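Undergrad: Below you'll find the structure I mean.
The values are calculated or read from the model by the stated rules, or taken from the named source; none is laboratory data. Worth saying up front: this structure is predicted, and the values here are computed from it rather than measured. Cβ coordinates were reconstructed from backbone atoms using ideal geometry, including for glycine residues, and neighbour counts include every protein chain displayed. Heavy atoms of the whole protein, side chains included, go into the accessibility calculation; ligands, DNA and RNA do not. Shrake-Rupley method; radii C 1.70, N 1.55, O 1.52, S 1.80 Å.
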Amino acid sequence: MWLAILVVCVFLVLVLLKYVFSTPEPNPFAVDTREPVKPIVFDKKEKKKVLKQGFVESRVPENLDAVIVGSGIGGLGLAVLLAKAGKKVLVLEQHSRAGGCCHTFTEKGFEFDVGIHYIGDLLEHKPFRCMLDQMTNGQLQWVPLDNPFDQVVLGPPEDRRVYPIYSGRNRFPDELKRCFPGEEKAIDEYMRLIKKAGKGLWLLAFLKIYPLPLAKFLVYTGLANRLSFFFKMASRSLTDVVNELTENKDLRAVFAYLFGTYGNIPKDTSFSMHSLLVRHYWNGAWYPKGGASEIAYHMIPIVEKAGGAVLVRAPVNRILFNEANEACGVSVMKGQEEVHIHAPMVISNAGIFNTYQKLLPQELQAMPAIQEQLSMMKNGEGGLSIFLGLNGTKEELGLNAQNYWVFAENNYDELVEAYANGEREESARKVPLLFLASPSAKDPTWEERSPGKSTLSLVSFAKYEWFEEWKDEKVTNRGPDYKDLKQTFINTALDVVMDVLPKITRDKIEFVDAGTPITNTYYIGAPKGEIYGADHGIGRFSAKLNAIIRPQTPLKNLYLTGQDIFVCGFAGALAGALTCGSVILKRNLHLDAIDLAKKIKLIKVKDE
Ligand SMILES: Cc1cc2nc3c(=O)[nH]c(=O)nc-3n(C[C@H](O)[C@H](O)[C@H](O)COP(=O)(O)OP(=O)(O)OC[C@H]3O[C@@H](n4cnc5c(N)ncnc54)[C@H](O)[C@@H]3O)c2cc1C
Ligand SMILES: *[C@@H]1O[C@H](CO)[C@@H](O)[C@H](O)[C@H]1NC(C)=O
């Protein structure tokens, strides 16, 4: 017995030593690369030159170090990290513009964002902010939302309760206590658990970065759960935890309202996942100045400077493998032709399902190690987005830099289950949860870009199956039945909008359209119209899954990045990129980013 333990320990030490002594590549966060802020470019033609560089063979750089499939923040962020370490990288995007969920589009003169409403954790000099500043050479700026930044709206119009959510570690609970007198104990205990669940979060990245045998050792000995309260709490549902804290149903609902940011109902949510989101917005929320397209716009030049390129209208139809089953490039569809691009390393930002089920040859897809990974993950919930272009300024329309989370009642589990299991036309008339936000009101440059106009974006969930029958029809012409169904959802949502934001009336609406799960399939490549990639249910947060679902795949030279290998959200997908970059560059980039943040802060303090 002891001998066996000794052998295992020696083995683990050897694995660790191999890791420690393998030569790391250059540190992308070695020096502060921020430059003075240049004026924001509003000219659409100028931006197009960066964001919409169409794929042609002549634009593919020679002697690539890596090819990345997909230009979401998981793909583009990784490209920047590799470029900063001196690598020549090609990013290939199927859509007509770069950015994935960070792209924007314009209809009837209104610019809309897709998947960026508010991002947390961006206090200056904190590691996450420092990292993003470095990854955009200091050009991307962030504007804080109002405080309160969220409003939780519960109940029908005649019995509506509104709870403002404030940022600030003390202010957040203090304001809740004001709304819920007598519930001080429950609120303090909630805060304590949220804080505690964050302890041991480092292990999430550790399990994915360090060698698999070591990760498995930590999982199978139970050490992972013991070392990390994050994993220990992971198997508890959000419903269980909040129900234990209080009998007050509105307070339970306010504790749980952020479930919309990852898409699982509270009884299927891991308390640990929820705690990540609460902490993410703890110090407030921010919006990218100039709109979401600024993100990719300031990242692409860094990739290009290192000799790489970001090309769009470049749908990858398969990954290429050599005889030893090592990834060696990709095939891109140019019209009806396949163009082959070779590189010693292929990284996919297209999500685990697209990568394994669409881009691998049958015999590799059938490998037990690939099947094991697929069996651990599920497709996430489909998304529904409604875009409104409005005639009027934010003052005229009563819009502000806050989000409204509107729920038909406080019993989320039952509400959302009834909606999802309901008959499609019936559900379309009773959407029980709706996120409302005005991107234009959050952006101080908007008034200059689109004087006298405003936008409003609404987000909810919808079943892929409700729309599947139209998936093969042309995206701009899917027939009257599809239009009717969309219109039913729109009408239901507009009733809510006009009730919550009474200055918005029908005559102010110049443009309205809805994006359904099949719209997501077309524009962001989500195979089942997923809003946040793979499902984030309780099962996703076991230590075992997090050791196995990692940047390395069972196939040599093929890696995964983005939300599916970490968690969803802009920050989650970027953490996926950092984790993947750590494996490729053989160094812990999470720690590198923290180190640079500390240095910059020190210099700043000295300057003052
Ligand atoms: C409506 C909505 C609202 C959201 N709101 C917020 C928010 O307020 N705050 C927040 O933090 N997060 C938000 N999110 C989530 C966040 O945007 C995502 O989790 C994150 O951006 C995902 O990044 P990613 O790089 O992993 O994937 P994606 O951005 O989805 O990128 C994947 C890319 O791969 C491309 N691709 C797929 N297949 C191929 C192929 N075969 N060939 C070439 N390219 C391919 C796709 O076109 C896509 O561009 C929201 C998401 C949505 C949809
Ligand atoms: C916008 O509103 C103004 C008055 O508030 C009106 O004069 C104008 O015609 C409207 N524009 C459109 C396109 O509806």
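Undergrad: With unit charges on the beta carbons (Lys and Arg positive, Asp and Glu negative) and the dipole taken about the Cα centre of the chain, which residue among Thr136, Trp470, Leu458 sits farthest to the positive side?
TA: So the residue we want is Thr136.
Undergrad: How much net charge surrounds Asn248 when only the other residues with a Cβ under 15 Å from the Cβ of Asn248 are counted, with Lys and Arg +1 and Asp and Glu -1? Walk me through the numbers before you get to the answer.
TA: Details: positive: Arg161, Lys177, Arg178, Lys185, Lys249, Arg252; negative: Glu183, Glu184, Asp188, Glu189, Glu244, Glu247, Asp250, Glu409.
Around Asn248, the surrounding residues sum to -2.
Undergrad: In debye, nearest 20, what is the charge dipole magnitude of the range 50-183 about its Cα centre with +1 on Lys and Arg Cβ and -1 on Asp and Glu Cβ, if you could check? Mind dumping the intermediate values first?
TA: Values: 15 positive and 17 negative charges, 59 e Å.
It works out to roughly 280 debye.
Undergrad: Additional query: Within the accessible area of the range 128-280, what % is carbon and sulfur when the probe is 1.4 Å and the other protein chains stay in place?
TA: Working: 3010 of 5990 Å².
That fraction is 50 percent.
Undergrad: Quick check: Cα centre of the range 294-332 to Cα centre of the range 147-185, how many Å?
TA: After rounding, the separation between the Cα centres reads 45 Å.
Undergrad: May I pose another question? With a sphere of radius 15 Å drawn around the Cβ of Glu426, what net charge do the other residues whose Cβ falls strictly inside it have (Lys, Arg +1; Asp, Glu -1)? Walk me through the numbers on the way to the answer.
TA: Working: positive: Arg424, Arg429, Lys430, Lys463; negative: Glu417, Glu423, Glu425, Glu465, Asp484.
Charge balance in the 15 Å sphere: -1.
Undergrad: Need one number: nm distance between label points at Val143 and Arg178, each 7 Å from Cα along Cα→Cβ, rounded to one decimal.
TA: 2.5 nm
Undergrad: Another one. Under DSSP H, which helices of the chain have Cα atoms covering 15 Å or more of the helix axis and a Kyte-Doolittle average no less than -1.0? Each step should come with its number before you reach the end.
TA: On the way: long enough: 2-21 (28 Å, 2.82); 73-84 (16 Å, 1.87); 184-197 (20 Å, -0.69); 293-305 (19 Å, 0.28); 479-500 (32 Å, -0.10); 570-585 (22 Å, 1.87); 589-607 (27 Å, 0.17).
Helices passing the filter in the chain: 2-21, 73-84, 184-197, 293-305, 479-500, 570-585, 589-607.
Undergrad: Separate question: Counting only protein chains, not ligands or nucleic acids, how are Val332, Val431 ordered by accessible area (probe 1.4 Å), most first?
TA: Val431, Val332
Undergrad: Take the cross-link list Lys442/Lys586; Lys358/Lys598; Lys195/Lys599; Lys45/Lys586; Lys126/Lys305 and give me the ones stretching past 31 Å between alpha-carbons.
TA: Values: Lys442/Lys586 39 Å; Lys358/Lys598 43 Å; Lys195/Lys599 26 Å; Lys45/Lys586 39 Å; Lys126/Lys305 27 Å.
Violating the 31 Å Cα-Cα cut-off are Lys442/Lys586; Lys358/Lys598; Lys45/Lys586.
Undergrad: Roughly what % antiparallel, to the nearest 5, for the DSSP beta bridges in the chain?
TA: Working: 53 of 72 bridges.
Bridges in the chain are about 75 percent antiparallel.
Undergrad: On to the next question. Work out how much length Lys126 to Glu338 would gain on full extension: take 0.36 nm times their residue separation and subtract the Cα-Cα distance, in nm to one decimal. Walk me through the numbers on the way to the answer.
TA: Values: separation 212, 0.36 × 212 = 76.32 nm, distance 4.50 nm.
Answer, rounded to one decimal: 71.8 nm.
Undergrad: Give the ranking of His280, His536 by solvent-accessible surface, highest area first, calculated with a 1.4 Å probe.
TA: Values: His280 30, His536 5 Å².
The most accessible residue leads, giving His280, His536.
Undergrad: So if the hydrodynamic radius of the chain is defined as the Kirkwood radius over C-alpha pairs, what does Stokes-Einstein give as its diffusion coefficient at 10 °C and 1.306 mPa s, in µm² per second?
TA: Details: Rh = 25.0 Å.
My calculation gives 64 µm²/s for D.
Undergrad: Where Lys and Arg each count +1 and Asp and Glu each count -1, what net charge lies around Gln365 among other residues with Cβ under 13 Å from its Cβ? Could you put the intermediate results ahead of the total?
TA: Values: positive: Arg318, Lys358; negative: Glu363, Glu372.
Residues close to Gln365 contribute a combined charge of 0.
Undergrad: Continuing with the same structure: For the pair Lys249 and Thr33, how long in nm is the line joining their label points, each one 7 Å along Cα→Cβ?
TA: Label at Lys249, label at Thr33, 5.4 nm between them.
Undergrad: How big is the dipole moment of the range 54-102 about its Cα centre under a simple scheme where the beta carbon of each Lys and Arg is +1, that of each Asp and Glu is -1, and everything else is neutral? Debye, nearest 20, please. Before the final figure, lay out each step's value.
TA: Details: 5 positive and 4 negative charges, 33 e Å.
So the magnitude is around 160 debye.
Undergrad: Could you check how much of the accessible area of the range 436-475 is carbon and sulfur, as a whole percent, using a 1.4 Å probe? Numbers along the way, then the final one.
TA: On the way: 740 of 1580 Å².
For the range 436-475, the apolar C and S fraction of the accessible surface comes to 47 percent.
Undergrad: Largest first and in whole Å, give the semi-axes of the range 374-458's equivalent ellipsoid, each being the square root of 5 times a Cα gyration tensor eigenvalue.
TA: Details: eigenvalues 207, 51, 28 Å².
Equivalent ellipsoid of the range 374-458: 32, 16, 12 Å, largest first.
Undergrad: At 1.4 Å probe radius, can you tell me the per residue accessible area of the range 351-405 in Å²?
TA: Working: 2150 Å² over 55 residues.
Using a 1.4 Å probe on heavy atoms only, each residue of the range 351-405 averages 39 Å².
Undergrad: How far is it, in nm, from the label point at Lys305 to the one at Lys430 when both lie 7 Å from their Cα along the line to the Cβ?
TA: With each label placed 7 Å out from Cα toward Cβ, I get 5.6 nm.
Undergrad: Alpha carbon centre of the range 239-274 versus the range 38-68: separation in Å?
TA: Result: 43 Å between the Cα centres.
Undergrad: To continue, here is another question. Treat every Asp and Glu Cβ in the chain as -1 and every Lys and Arg Cβ as +1, leave all other atoms uncharged, and give the resulting dipole magnitude about the Cα centre to the nearest 20 debye.
TA: Values: 72 positive and 70 negative charges, 386 e Å.
It comes to approximately 1860 debye.
Undergrad: Follow-up question, since we're still on this one. May I ask you to rank Val80, Val605 by accessible area, largest first, using a 1.4 Å probe over the protein chains only?
TA: Val605, Val80
Undergrad: Gain in length, Glu409 to Glu423, computed as 0.36 nm per residue apart minus the alpha-carbon separation, to one decimal in nm?
TA: Details: separation 14, 0.36 × 14 = 5.04 nm, distance 1.98 nm.
Computed gain between Glu409 and Glu423 is 3.1 nm.
Undergrad: Can you give the accessible area of Leu545 in Å² (nearest 10), computed on protein heavy atoms with a 1.4 Å probe?
TA: Accessible surface of Leu545 is approximately 10 Å².
Undergrad: How long is the gain from Asp43 to Asn63 if the chain were fully straight, where each residue apart is worth 0.36 nm and the alpha carbon distance is subtracted?
TA: Working: separation 20, 0.36 × 20 = 7.20 nm, distance 3.36 nm.
Length gained, Asp43 through Asn63: 3.8 nm.
Undergrad: For the range 146-209, rounded, prolate or oblate, judged on the Cα gyration tensor with a ≥ b ≥ c (square roots of eigenvalues), a/c < 1.5 rounded, else prolate if a/b > b/c? Could the numbers behind the result be given before it?
TA: Values: a/c = 2.53, a/b = 1.91, b/c = 1.33.
Taking the square roots of the gyration eigenvalues as a ≥ b ≥ c, the range 146-209 is prolate.
Undergrad: Probe of 1.4 angstrom, ligands and nucleic acids ignored: what's the accessible area per residue over the range 498-592, in square angstrom? Kindly include the intermediate steps, with their values, before the conclusion.
TA: On the way: 2840 Å² over 95 residues.
Here the residues of the range 498-592 average 30 Å² of exposed surface.
Undergrad: Moving to a separate point now. Quote the relative contact order of the chain in percent (integer), defining contacts as alpha-carbon pairs under 8 Å separated by 6+ residues.
TA: Details: 1204 pairs, mean separation 139.6, N = 608.
Taking the mean separation of contacting Cα pairs over the length of the chain, I get 23 percent.
Undergrad: Hey, another quick one. Considering only protein heavy atoms, what is the solvent-accessible area of Lys508 at a probe of 1.4 Å, reported in Å² to the nearest 10?
TA: My reading of the accessible area for Lys508 is about 60 Å².
Undergrad: Looking at the square roots a ≥ b ≥ c of the eigenvalues of the Cα gyration tensor of the range 182-322, which shape do they give, rounded for a/c under 1.5, prolate if a/b is larger than b/c, or oblate? Before the final figure, lay out the partial values.
TA: Numbers: a/c = 2.48, a/b = 1.48, b/c = 1.68.
Here the range 182-322 falls in the oblate category.
Undergrad: Compare the Cα positions of Asn325, Gly99, Phe541 along the charge dipole of the chain (+1 at Cβ of Lys, Arg; -1 at Cβ of Asp, Glu; about the Cα centre) and return the one farthest towards the positive end.
TA: The Cα lying farthest towards the positive end belongs to Asn325.
Undergrad: While we're on this one: Computing the accessible area with a 1.4 Å probe over protein heavy atoms, can you report the carbon and sulfur percentage for the range 318-376?
TA: Numbers: 1430 of 2840 Å².
Ligands and nucleic acids excluded, carbon and sulfur give 50 percent.
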